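Only the coordinates and a few stated rules stand behind these numbers; no lab work does. Here the structure is a predicted model, which means the values were calculated and not measured. Glycine also receives a Cβ, built like all others from the backbone with ideal geometry; neighbour counts cover every protein chain displayed.
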């Protein structure tokens, strides 16, 4: 050993660097003499080596070693600690000096582990504190044991983004000074810069909590929480309940808030002002926080007014970046297949010349595009695979077209009649309702985990006979489809048992063969409406699933729940085909676009996202609601989206441009259902305030101007015309309106539970 | 007895908590439910902490034990959804695979049977009928192999679902290394409406493969067709064809 040591006197420096880069505890004992005297030389060389070119690599490795050391020490593996330290050539002085260098102030405790921690946090601190060299030493000891020791690496990676940025007692000072600055600024800039308050406040508060400065955190909260905008009240209340670091661990939404960047859109002038002010000050902790946690999307142009900002803000992630809404969205409708309507019916209606069906052209579907050319805004037919039409589907389509001819054209002067289906004796257990498209069946999901299906028409519900009875029927007869139905157990309603938790979402398939239900037990169940039994349970969400919907063409369905992802499934795959992940909080509402190529999801983080089914990308983010979104509706032409939330407002969005184009105020409580009439002229909204309101959608979409400036900057000018657009407001006795449905002839059906 | 007008202290605390969290409207039973939950949660944690303290040979429960108890309980009962970066990664991988093409003309589109709930949730019981030793000295206890014709005393063979025999062997038969020939005579009378009444000799034996391998039993049975409902349905056509009368 000694000989080896002696022989490498020259190359000692290099060797020692090599030692650092080797993993500790290896057989690197050759150079690492158990010779204490040699070791005392090495720290010096190490340190000087640390300042050389490969210093970056060396210090990284150094820190890794220090981290491992700390881990071993924590687990009381003292012998291993000794061995590692010896072999890696580290010593108490090394660690201490490293700690001194980084933390910059002298009050580092002599204890090794503190310095090791400081060494660990080197990278984090160095990245952040560019200018300040006087980070108080209080930073070091309070650096959490978040590295390596604890058992949840994901969470700790996230939480360790909160390295201490400054003296806790000074936070109030920083915030107040920023507040004073913003108040002193010109009016036109003030509104924009005031957007900074909320994210800064939350991030600073959480940093204090995370670093265990409970008292300072509480004082900070009390002093400044009152200044925030009123629509952040719910968030602030949640925050006020979190005073310890352990509280943060269970709250996924706030953890996501930490890691994602809060987006602010500020004009260039305002931004310059802010930057100048912050950079000229000594303690630009705020500047550090801004750089780390906020994303400032700068645009050139006039600063926005307070009302414009208020309209778009309110979500948990700030606003949407401009690039987020720039992707091309194919919002057009798919071409309807051309189906020939049988001509004998035509003759009955038309009463024209008889008997020359050849002359009279078969009626094409009135919804199909008149031109043969592809609509540039529509997706191509096979962009996503869709099931082909079966014969029964074709029959359905023919029925649909016949009904469409008898449809009433609605407008501001012809309002629809509304028929309300009250669920009696539901005892507040009714949680979801759906109608079939031809309005012949209603399904209700209940809090007692049952699903009940009723027949709206006089025709009773029948299920298919059992296998033994089926063997007895004559299969060749014409009415075999009626013979397979069991008359003995026909009834007005059927109850479906299977879920083990309240049923929150219900959806009929377009061909009326299946029913989907999603529940708090985390599963989505597919029921057959021919046998009234459960066919499949789709497991994937392990947390309550708040909503589910079949695609307009069947086969696909989407579900969204508490785990913040929406999943796209196909009925014949037991695992989801697509996962739409990106929301910060639970997904409360999922809807398909009429062309089945896009899915809209509304969430508790107060944003709506539009996802592309083909590749799972988020193509639009719509912010502006001030509460969790509970209702979404696409207009029948596919161009617009309406959304309703707990704040009682209905917002209208232009999908193509990605802008908000209208706001309908009037409801006083959460809006749980939205539906466009069959031709898109009227929008009906139902709410917890026991009313159904009808809005003039045609007018709302007519007067929008989307010039280039608006599209480019996203500045919106919302006309205050809610009153003009309101066509009627209809109260129920005391039943919140949970679901709305326009029949094929434009009669409005509403459903809710009677709640005395 | 004067009913106590004041609310107990615990309930007062709970009311205050609800107020602090901004919940203003609630049914009165919510307080009871919250208190029950609190009581249950706290006692669980403290019991767990006591266990950990005794395990660490400490006489008193201290803060570390409580912390550990809380942590374990959180991971077990109060799990939270996965973190965002994990979800984004999983989603990215999942979204890369193209959407599968849809096969045409396939009837109801459901996942493979093992993922569906369409299987029967019952299994038909085997009939434990003794075989009378008319065939000779062999007493084969409880052979329920294939469609063994049982000798019912009551003519119930007509009805499908009553006697049904499964291919599962009820009890392990401890016959080894011997060769048996069991002949079960045809049941007299009875039976059936269909043409399969006359029982054939060796017919439709469903022998449990495991039985064959180790035990060297050759069994010839006479099967009466309608022994199991499912079977009879399946084999209807074959039965019609295969029968040869005795």
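Length available on full extension from residue A:82 to residue A:280: 0.36 nm per residue minus the Cα-Cα distance, which gives 66.5 nm. Annotation: peptides A:534-542, B:48-56, ranked by per-residue average of other Cβ atoms within 10 Å with the highest first, follow the order A:534-542, B:48-56. The modelled label-to-label distance between residue B:96 and residue B:117, using points 7 Å beyond Cα along the C-beta direction, is 3.5 nm. Centre-to-centre, using Cα atoms only, the stretch B:10-28 and the stretch A:540-608 are separated by 34 Å. Placing a pseudo-label 7 Å from each Cα along the Cα-to-Cβ vector at residue B:19 and residue A:272 gives an inter-label distance of 5.3 nm. For the residues A:230, A:589, B:116, what sequence is obtained by ranking on other C-beta atoms within 10 Å, fewest first? Ascending Cβ contact count within 10 Å gives the list A:230, B:116, A:589. Per-residue extension of 0.36 nm, minus the Cα-Cα distance of residue B:50 and residue B:62, leaves a gain of 3.4 nm for this segment. If you sort the three axes of the alpha carbon gyration tensor as a ≥ b ≥ c, you get a/c of 1.5 or more for the stretch A:375-477 and a/b no higher than b/c, which makes it oblate. Between residue A:469 and residue B:88, the simple spin-label model (points 7 angstrom out along Cα→Cβ) gives 5.7 nm. Relative to the globular-protein estimate of 2.2 N^0.38 Å, the Cα radius of gyration of the stretch A:214-308 stands at 1.28.
Full extension of the segment from residue B:7 to residue B:128, taken as 0.36 nm per residue of separation minus the current Cα-Cα distance, would add 37.0 nm.
Eigenvalues of the alpha-carbon gyration tensor of the stretch A:534-622, scaled by 5 and square-rooted, set the equivalent ellipsoid semi-axes at 19, 16, 10 angstrom, largest first. Taking the square roots of five times each eigenvalue of the Cα gyration tensor of the stretch A:712-756, the equivalent ellipsoid has semi-axes of 31, 16, 13 Å, listed largest first.
The fewest-to-most ranking of A:725, A:614, B:110 by surrounding Cβ atoms within 10 Å reads A:614, B:110, A:725.
Here the calculated FRET efficiency for residue A:187 and residue A:734, from their Cβ-Cβ distance with R0 = 51 Å, stands at 0.60, rounded to the nearest 0.05. If you take the square roots of the eigenvalues of the alpha-carbon gyration tensor of the stretch A:571-610 and sort them as a ≥ b ≥ c, do you get rounded (a/c under 1.5), prolate (a/b over b/c) or oblate? The shape class here is oblate. Take the Cα of residue A:500, step 7 Å along the line toward its Cβ, and report every residue of the stretch A:509-549 whose backbone nitrogen sits under 15 Å from that point. Under 15 Å, as judged by backbone N against the label point of residue A:500, lie A:519-525, A:537-545 of the stretch A:509-549. Taking 19 Å as the cut-off, the amide N atoms of the stretch A:542-583 that come nearer than this to a point 7 Å along the Cα-to-beta-carbon line of residue B:103 belong to A:555-556, A:570-577. Among A:222, A:252, a tally of other beta-carbon atoms within 10 Å of each Cβ gives an order, fewest to most, of A:222, A:252. Please give the average number of partner chain Cβ atoms lying within 10 Å of the Cβ of each residue in A:530-537, rounded to a whole number. So the per-residue partner count for this stretch is 3. As an exercise, use a Förster radius of 51 Å and the Cβ-Cβ distance of residue A:637 and residue B:42 to find the FRET efficiency, rounded to the nearest 0.05. Efficiency, rounded to the nearest 0.05: 0.35.
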